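Novice: Shown below is the structure under consideration.
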Amino acid sequence: MVNKASRPTDSLIGHDAWNIQLDKNGQLKHFLTVEGLSTELLTNILDTAESFANINEQRVKKVPLLRGKTIANLFFEASTRTRNTFELAAKRLSADVLNVNISTSATSKGETLMDTLQNLQAMQCDMFVVRHNASGAAHYIANRVAPGISVINAGDGSHAHPTQAMLDMFTIRRNKGHDFGRLRVAIVGDVLHSRVARSQIHALNILNTGNVRVIAPKTLIPAGIDDMGVEVFNNMEEGIRDADVVIMLRLQKERMQGALLPSEQEYFQMYGLTEKRLSLAKADAIVMHPGPINRGVEIESSVADGSQSVILEQVTNGISVRMAVMSMVLGRESETSEGEQA
Amino acid sequence: MEEIATPETLLDKLTEQLKTLLVERSIDQPLMVGIHTGGAWIANALHQKLSLQEPLSTLDISFYRDDFSRIGMNPQVKPSNLPSQIDDRHIILVDDVLHTGRTIRAAMNEIFDYGRPASITLVCLVERSGRELPIQADVVGQHLHLDNNQHIKLTGPEPLEFVVE
């Protein structure tokens, strides 16, 4: 089943993007984008993550599920939270983890990306977790790896960050319950450059969220956003009103080309999340941020550290969600499946 | 096929046998652990009948199964809630049906990830033919000989009933 809201293809990386990630049984083989996946599959990821959340709260935070599997972390772009939580997730599943330091690897001696990958394949890796600053990088790799290898997109350019979106959905569900239909979710800030926002919008639509809003200056709203089924606000006070969930985005200065913003101070004046602005949302609204946060640029310190903030909970949830995705991808049912234990 | 006694009858039988065994082995204050889902129902009933002090523990062995790569993830795995200190404890491990022995193997692996118990006593409501591992129960309600293509399943928790297919 393909969700209608997310069907109009990926303007960034092409039409088949969401196609290659399912195997012929409809199970997740790669996780490259949330776009095009079914409500059922996303719910399955969230339910599975719930099981792993229990493990992460136990004294022994490890299960033997992926023993003997090797997972390579390929981070072509800086990351702290994502890389570390992927690594912890893999280790808590008992997989072996290879952190390939791209900046000191042979890639920097002139080896091509495909040569690097083929070498890792020759080391019998089972999964590549890829972060790259080019949109479509994970798809490019998924289209070229050996059949037995799975690829997980840990963020590609401005395109997608599917595990982040899923950990955000998981955080929303844990705080606000299973019925997304009654929720108003506001995404605030640099939507133009945000792979997180793109993936979140797809996920929220697939989970049938009642109302998804995007709040940003006109210069930071991508073209075609209306097709994504969101309500666009240029005024923060209007957009945040009665929201159940407020998701702040980081101002991605490193991706900005040209004069999109007058200054950080002015941005904070207009779109920064202050206690005063937050009071316009519902009294029990939660505040989220994918991190890293720029205090005083998109969010006031007292809000980031306040009682409505679930920013650190998102980090914890990232481990459970990544465990869920890794185990679903590597534990796919084979054609010869049978067997029941008793 | 031989007649299967009702779960209630077998539970009474298990209770008596287990009482005797605990006395024989000089075990007091055992830790009762039920395996999700059917085993937890049986353990709950036994726990009440024996009036055990220590709260009942449960184990979901989904993450320890040896056929994970063949049959994939089972979402909504229940949490295991073993107490933090199981070193030197006498554990009574309870399951509904003992068949291949693989579930018990997985359960013991999980238990040993938490510590080193003094002993594990295995209690099963029904023990059927088809063992694939050298595992046997200490206390059994009923032995059943079933063909490989026959399956017995406990449904519950209210009422507890056997379904044979």
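Novice: May I ask which of B:13/B:78; A:218/A:253; A:69/A:109 have a Cα-Cα span longer than 19 Å here?
Specialist: Too far apart for the 19 Å limit: B:13/B:78; A:69/A:109.
Novice: Right, another one. When a/c is below 1.5 the answer is rounded, else prolate if a/b is larger than b/c, else oblate, so apply that to the range A:95-174 with a ≥ b ≥ c taken from the square roots of the Cα gyration tensor eigenvalues.
Specialist: Verdict is prolate for the range A:95-174.
Novice: Quote the relative contact order of the range A:98-199 in percent (integer), defining contacts as alpha-carbon pairs under 8 Å separated by 6+ residues.
Specialist: Reported relative contact order: 22 percent.
Novice: Given springs between every Cα pair under 10 Å in a Gaussian network model of chain A, which of A:134, A:90, A:154 has the largest fluctuation?
Specialist: Checking each option, the largest mean-square fluctuation is seen for A:134.
Novice: Okay, next question. Just the projected area, averaged over all directions, of the convex hull on the alpha carbon atoms of the range B:60-152: how many nm²?
Specialist: 6.7 nm²
Novice: Return one number: the angle in degrees, 0 to 90 and rounded to the nearest 10, between the long axis of the Cα atoms of helix A:195-206 and the longest principal axis of the Cα atoms of chain A.
Specialist: Compared with the principal axis, the helix lies near 90 degrees.
Novice: Okay, next question. Could you compute Rg(Cα) / (2.2 N^0.38 Å) for chain B, with N its residue count?
Specialist: 1.00
Novice: I want to check the label-to-label distance for residue A:24 and residue A:305. Put each point 7 Å from Cα in the C-beta direction and report it in nm to one decimal.
Specialist: Rounded to a tenth, the inter-label distance reads 5.8 nm.
Novice: Rounded to the nearest Å, what's the spacing between the alpha carbon centres of the range A:67-135 and the range B:81-138? Just the number, please.
Specialist: The range A:67-135 and the range B:81-138 have Cα centres spaced 38 Å from each other.
Novice: If you don't mind, another one. Tell me the mean residue ellipticity at 222 nm calculated for chain A from its helices only (DSSP H runs of n ≥ 4, each -39500 (n - 2.57), averaged over every residue, nearest 500).
Specialist: Calculated from helices alone, the mean residue ellipticity at 222 nm is -10000 deg cm²/dmol.
Novice: Hydropathy first: keep DSSP H helices in chain B averaging at least -1.0 on Kyte-Doolittle, then drop any whose Cα extent along the axis falls short of 18 Å, and list what survives.
Specialist: B:7-24, B:102-114
Novice: List the residues whose amide H sits under 5 Å from the amide H of residue A:214, counting only those 5 or more places along or on another chain, with H placed 1.01 Å from N in the peptide plane.
Specialist: HN-HN under 5 Å from residue A:214: A:187, A:231, A:232, A:233.
Novice: What do you get for the angle between helix A:113-122 and the principal long axis of chain A? Use alpha-carbon atoms, 0 to 90 degrees, nearest ten.
Specialist: With both axes taken from Cα atoms, the answer is about 40 degrees.
Novice: List every residue whose amide H lies under 5 Å from the amide H of residue B:61, counting only residues 5 or more places away in sequence or on a different chain, with H placed 1.01 Å from N in the peptide plane.
Specialist: Amide H to amide H, under 5 Å and 5 or more residues apart or across chains, residue B:61 pairs with B:36.
Novice: Based on the Cβ-Cβ distance of residue B:161 and residue A:313, what FRET efficiency does E = 1/(1 + (r/R0)^6) give at R0 = 51 Å, to the nearest 0.05?
Specialist: Plugging the Cβ-Cβ distance into 1/(1 + (r/R0)^6) gives 0.75.
Novice: What full-extension length gain, to one decimal in nm, is calculated for residue A:43 and residue A:280 as 0.36 nm per residue of separation minus the Cα-Cα distance?
Specialist: 82.3 nm
Novice: Using a simple charge model, +1 on the beta-carbon of Lys and Arg, -1 on the beta-carbon of Asp and Glu, nothing else, what dipole does chain A show about its Cα centre, in debye to the nearest 20?
Specialist: About 480 debye.
Novice: What angle, in degrees between 0 and 90 and rounded to the nearest 10, separates the Cα long axis of helix A:311-330 from the longest principal axis of the Cα atoms of chain A?
Specialist: 30 degrees
Novice: Taking every residue in A:64-70, how many Cβ atoms of other protein chains lie within 10 Å of its Cβ, on average?
Specialist: 3
Novice: Could you work out [θ]222 nm for chain B from helices alone, using -39500 (n - 2.57) per DSSP H run of at least four and dividing by all its residues? Round to the nearest 500 deg cm²/dmol.
Specialist: My calculation for chain B gives -9000 deg cm²/dmol from helical runs alone.
Novice: So what is the relative contact order of the range B:22-124, in percent, for Cα pairs below 8 Å that sit 6 or more residues apart?
Specialist: Contact order relative to length: 33 percent.
Novice: Which FRET efficiency value, to the nearest 0.05, do you get for residue B:135 and residue A:124 by plugging their Cβ-Cβ distance into 1/(1 + (r/R0)^6) with R0 = 30 Å?
Specialist: It comes to 0.35.
Novice: Can you give the Kirkwood hydrodynamic radius of chain A from its Cα pairs, in Å with one decimal?
Specialist: Here the Kirkwood hydrodynamic radius works out to 20.5 Å.
Novice: For a quick protection proxy, order the peptides A:225-235, B:26-36 by their average other-Cβ count within 10 Å, most packed first.
Specialist: The peptides rank, most packed first, as B:26-36, A:225-235.
Novice: Kirkwood Rh over alpha-carbon pairs of the range A:154-196, then Stokes-Einstein at 20 °C and 1.002 mPa s: what D in µm² s⁻¹, rounded to an integer?
Specialist: In µm²/s, the coefficient rounds to 185.
Novice: Next question, about the same structure. Put +1 on the Cβ of every Lys and Arg and -1 on every Asp and Glu Cβ in the protein assembly as shown; which of A:43, A:133, B:125 then has its Cα farthest towards the positive end of the dipole?
Specialist: It is A:133, whose Cα lies furthest towards the positive end.
Novice: With just the Cα atoms of the range A:162-310, tell me how far they stretch along each of the three principal axes, in Å, largest first.
Specialist: For the range A:162-310, the Cα extents along the three principal axes come out at 41, 33, 27 Å.
Novice: To the nearest 0.05, how large is the calculated FRET efficiency for residue A:218 and residue A:78 if R₀ is 30 Å and r is the Cβ-Cβ distance?
Specialist: 0.55
Novice: Hey, another quick one. In sequence order, what are the phi-derived ³J(HN,Hα) couplings for the range A:31-41 according to the Karplus relation 6.51 cos²θ - 1.76 cosθ + 1.60 with θ = phi - 60°, rounded to whole Hz, with x for glycine and proline?
Specialist: Once θ is set to phi - 60°, the couplings for the range A:31-41 become 10, 10, 7, 7, 3, x, 7, 7, 4, 4, 5 Hz.
Novice: Contact order normalised by length for chain A, with contacts defined as Cα pairs under 8 Å and 6 or more residues apart; what percent is it?
Specialist: With pairs under 8 Å counted, the relative contact order is 20 percent.
Novice: Have a look at A:30, A:178, A:139 and tell me which one the Gaussian network model of chain A (Cα, springs below 10 Å) gives the largest fluctuation.
Specialist: In this elastic network of chain A, the residue with the biggest mean-square fluctuation among A:30, A:178, A:139 is A:178.
Novice: Report the one residue of A:222, A:155, A:65 whose Cα lies farthest in the direction of the positive end of the charge dipole of chain A (charges on C-beta: Lys and Arg +1, Asp and Glu -1; origin at the Cα centre).
Specialist: A:65
Novice: Another one. Under a straight-distance cross-link criterion of Cα-Cα below 20 Å, which aspartates and glutamates are reachable from residue A:61, leaving out those fewer than 8 residues away in the same chain?
Specialist: By straight Cα distance, residue A:61 reaches A:47, A:50, A:87, A:96, A:313, B:60, B:66, B:87, B:110, B:113.
Novice: While we're looking at this one, here's another question. Would you tell me the mean number of C-beta atoms belonging to other protein chains that fall within 10 Å of each C-beta in B:81-94, as a whole number?
Specialist: 1
Novice: Something else now. Specify whether the C-alpha gyration tensor of the range A:210-287 places it in the rounded, prolate or oblate class, a ≥ b ≥ c being the square roots of the eigenvalues: rounded for a/c under 1.5, otherwise prolate if a/b is larger than b/c and oblate if not.
Specialist: Taking the square roots of the gyration eigenvalues as a ≥ b ≥ c, the range A:210-287 is oblate.
Quick note: the coordinates plus some simple rules give every number you see, no bench work behind them. These numbers were taken from a predicted model, which means no experiment stands behind them. When we count neighbours, we look across all protein chains shown, and the Cβ atoms used for this are built from the backbone with ideal geometry, even at glycine.
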